[in-house]
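**Q** The following block contains the structure, expressed as structure tokens.
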Amino acid sequence: MTTSRLRPTRPRRQSRLFYSDRSACRGIAQLAVTLSLACLLTPATPAAAQLNDGVPKQVEDVTVEQKLGEEIPLDVMLTDSLGRPTKTGHYFDGKRPVLLTLNYSNCPVLCNVQLNALVETLNNLDLRLGRDFQILTVSIDPRESTERVRQTQQKFVLMLDQQPGAASAWHFCTARESSIKRLADAVGFRYTYDPQTREYYHPAMLAFLSPEGVISRYSLDVAFPPEQTRLALLDASNGTIGSPVDQFIMWCFSYDSDRGSYVLAAWRLMRLAAATTVAGLLVTLLPYWLGRKRSAVLAAERALAEAPDQRPD
């Protein structure tokens, strides 16, 4: 009877051990995955660099060569979202700056992330799309149809509920491959096409262009802080938009191409502080100097009046 009582307990112990071992194996597997991710995210050492001596070939040329101060060609042939032939120069009126993006509608991830972030920024921007600036988005996929690009335009325009002029000021265009390449080269936008996946490898880029088509600034991130975007638009406008206060604020900032953002110009602030100090001293001391000079003149006149007549009889 004692033996029969112990027999049922053995399978239970074996079962507990089995599940314990399986949990241990699962823990070891999770640890291995964690260590693998850590190895991937850890900066490569010289020894590791020998094992992985470069980026994948598909993306080694994907970058943006900043061409600040250069002018884009205004005669690049495009097709707008209504199927009408047009040129890049059509979107530059000499009054409003233009934001240029290069994307494509079938992009699986990056384009949607970038344009969604741009929409969020524009909805929090006090500058008005259409009144103060325009946007030109050109597809890098020459196979993209007019209908497809129009659908993409409508999608993002509907999201701009705080920009009532978006429908007529955010332009989406397609183009032939030669035209796309010409425009991309003009702004330093480097991308490649993978025929196996039928996808484009490309960077995130937003170029700020002056009303005449001169490249003023770049944003090379998927996020666009509203204050930085505002400063970039004011800078690109060459004073054609914004108030005198905005122009003064722009004077206090300078663009740092290494950081890709605007920073306070310390030397300008120091000059402003010095000029303010001198002006304050002049305002404070000028009445004192003028008062002393006037007092000296009055004293001399009084002395002459009180002196006895020195002329001979």
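Please treat every number below as a calculation from the coordinates, not as lab data. The model shown is predicted, which means the values in this text are computed figures rather than measured ones. Virtual Cβ from ideal backbone geometry, glycine too; neighbours counted across all protein chains shown.
**Q** Among the residues of the stretch 121-173, which ones are among the hydrophobic types (A, V, I, L, M, F, W, C), more than 22 Å from the chain's Cα centre (by Cα) and assigned to a loop (DSSP other than H, G, I, E, B)?
**A** Scanning the stretch 121-173 gives no hits.
**Q** Still on this structure, please answer the following. Which condition breaks for S105 when tested against (1) farther than 22 Å from S216 by Cα; (2) assigned to a helix (DSSP H, G or I); (3) among the hydroxyl-bearing types (S, T, Y)?
**A** Against the list (1) farther than 22 Å from S216 by Cα; (2) assigned to a helix (DSSP H, G or I); (3) among the hydroxyl-bearing types (S, T, Y), S105 comes up short only on (2).
**Q** While we're looking at this one, here's another question. Can you go through A117, A166, A207 and tell me which one is surrounded by fewer than 19 Cβ atoms within 10 Å (Cβ to Cβ), closer than 23 Å to L231 by Cα and among the small types (G, A, S)?
**A** Going through A117, A166, A207 in turn, the sole match is A117.
**Q** Suppose we filter the stretch 123-160 for residues that are in contact (Cβ under 8 Å) with a residue 60 or more places away in the chain and hydrophobic (A, V, I, L, M, F, W, C); how many remain?
**A** 6
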